[in-house]
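Engineer: Following this message is one structure expressed as structure tokens.
What follows is calculated from the coordinates using simple rules that are stated; it is not laboratory data. In this text the structure is predicted, and so the values were computed from the model without any measurement. Glycine also receives a Cβ, built like all others from the backbone with ideal geometry; neighbour counts cover every protein chain displayed.
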């Protein structure tokens, strides 16, 4: 006999949701770190380095996330390292996030008025202090709506880990759907869980965007 | 260790993979066409007088933009037959792509329409343009020009998203790749190569869009 969608099934989905959140947090933290490096290299002023990071970003923007995930997942398997599925997909999402966040922050760094950098140089600040104390704090403010937008993308993107077999929310939904034969109900609930996760972030992001636009008008 | 990469399987499978590329482009094109229809209809409904219709459109856009495409396509895969639409996987994928792209198109097109100031239209009439001319030169072309970059960017995104349609085994590049992978067990080689086929597709699209933009949307300089 087939089980109905009940509390046990809902609990299973909730555990999947936990993995979705954890995967997102790990990938976002890793992506922020690596993305900052990408953004700094992309704006470092050295033609060759800028060109290479530009291609790096272009490859990630021009190919499907699903395929990036496949390549990292099976590529890591080839190295002979016995990695946990979670680690493998987390690395995949981190690499993707580094490119997208790198590009977002590249734009933000370049949007900080040139005079700020010039003034900092005139004051004799060296590169690290100029970036840390002058440029990046302003760039982060500018980039915040787009960064939150990417975070929402990332949460939705982690559903693709289901296709390589990692059990997060979407995969948990598939499993429960196959057990209960109630696909509409199950995927409805799964969709609602993603929505509850993403919608407040989207709302926050667009509100901040509107406020920044208003501030720049003044 | 001892694994040697062997890309010859990819080379042998190239005809099938190129067919997959055609499938992907067809899927994306059909999805985008449907998305544009939903987008234009949605913008009209979004500004209609009926409050329930406005709420419906806003709700639709928010739900689609805040849930993963994978969950959307699974939902539609099971929901469409219940609604009496027994479709093959590829047709289901086109509808899913259209619905997803449509929600983004509504936002983009609406932004374009709002970017035309009323004063510009009035200025057009003041200069003696008639109604058709005002619509063509003052409203349509500048609105298209304003939304063109985001709309074409969205189209490229939709093309890349179409890879997820392999989850319901629609005919496109990724599902072709999955078949070759299960025949040859050369997972890395196949997916690595296919990734660059996708890159080629998106570069081709970008180039095409840039040519169109240069031809139709550049401001006259003389």
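Engineer: Using a Gaussian network model of chain B whose springs link C-alpha atoms within less than 10 Å, name the residue from B:163, B:193, B:182 with the highest mean-square fluctuation.
Structural biologist: Between B:163, B:193, B:182, it is B:182 that shows the largest mean-square fluctuation.
Engineer: Can I ask one more? Based on DSSP H runs of at least 4 residues, each adding -39500 (n - 2.57), what is the mean residue ellipticity at 222 nm of chain A after dividing by all its residues, to the nearest 500 deg cm²/dmol?
Structural biologist: -27000 deg cm²/dmol
Engineer: How many percent of Cα pairs in chain B exceed 29 Å?
Structural biologist: Here the long-distance tail beyond 29 Å is 41 percent of all Cα pairs in chain B.
Engineer: Compactness ratio of chain A: Cα Rg over 2.2 N^0.38 Å, N = residue count?
Structural biologist: 1.21
Engineer: Okay, which of the stretch A:94-127 sit inside 16 Å, backbone N to the point 7 Å along the Cα-Cβ direction of residue A:46?
Structural biologist: Only A:127 fall inside the zone, counting backbone N under 16 Å.
Engineer: Could you line up B:212, A:71 from fewest to most neighbouring Cβ atoms inside 10 Å?
Structural biologist: With the fewest neighbours first, B:212, A:71 line up as B:212, A:71.
Engineer: Calculate the mean, over all residues of peptide A:166-178, of how many other protein chain Cβ atoms lie within 10 angstrom of the residue's Cβ.
Structural biologist: 1
Engineer: Relative to the longest principal axis of the C-alpha atoms of chain A, give the angle of the C-alpha long axis of helix A:136-157, reported between 0 and 90° and rounded to the nearest 10°.
Structural biologist: 20 degrees
Engineer: Determine, for A:204, A:51, the number of other Cβ atoms within 10 Å of each Cβ, and report the residues in order from fewest to most.
Structural biologist: Ordered from fewest to most neighbouring Cβ atoms within 10 Å, A:204, A:51 come out as A:51, A:204.
Engineer: Using only the alpha carbon atoms of the stretch A:1-99, find the Kirkwood hydrodynamic radius as the inverse mean reciprocal pair distance, in angstroms to one decimal.
Structural biologist: 15.6 Å
Engineer: Measure nothing but the geometry: give the 0 to 90° angle between the long axis through the Cα atoms of B:173-184 and the longest principal axis through the Cα atoms of chain B, rounded to 10°.
Structural biologist: The angle comes out at about 0 degrees.
Engineer: Considering Cα pairs under 8 angstrom that are at least six residues apart, work out the relative contact order of the stretch A:7-217 and quote it in whole percent.
Structural biologist: Reported as a whole number, the value is 29 percent.
Engineer: While we're looking at this one, here's another question. Using a 10 Å cut-off around each Cβ of peptide B:59-69, what is the average number of partner chain Cβ atoms that fall inside?
Structural biologist: 6
Engineer: Okay, moving on. I'm a student and want to see the number: the projected area of the Cα convex hull of the stretch B:1-54, averaged over all directions, in nm².
Structural biologist: 7.2 nm²
Engineer: Separate question: Mind checking the angle between helix B:69-82 and chain B's longest principal axis? C-alpha axes, 0 to 90 degrees, to the nearest 10.
Structural biologist: 90 degrees
Engineer: Take the Cα gyration tensor of the stretch B:16-139, multiply each eigenvalue by 5, square-root it, and list the three semi-axes largest first, rounded to whole angstrom.
Structural biologist: Sorted largest first and rounded, they come to 35, 19, 11 Å.
Engineer: Can you give the Kirkwood hydrodynamic radius for the protein assembly as shown, in Å, rounded to one decimal and based on Cα pairs?
Structural biologist: With all distinct Cα pairs of the protein assembly as shown included, I get 23.8 Å.
Engineer: Quick one: order B:32, A:121 by neighbouring beta-carbon count within 10 Å, fewest to most.
Structural biologist: Exposure proxy ranking, most exposed first: A:121, B:32.
Engineer: Evaluate the distance, in nm, between pseudo-label points positioned 7 Å from the Cα of residue B:56 and of residue B:212 along their respective Cα→Cβ axes.
Structural biologist: Inter-label distance under the simple model: 2.9 nm.
Engineer: Within 10 Å of each Cβ in B:193-202, how many Cβ atoms from other chains are there, averaged over the peptide?
Structural biologist: For this peptide, the per-residue mean of nearby foreign Cβ atoms is 5.
Engineer: Length gain on complete extension for the stretch residue A:216 to residue A:184, per 0.36 nm per residue less the alpha carbon to alpha carbon distance?
Structural biologist: 7.0 nm
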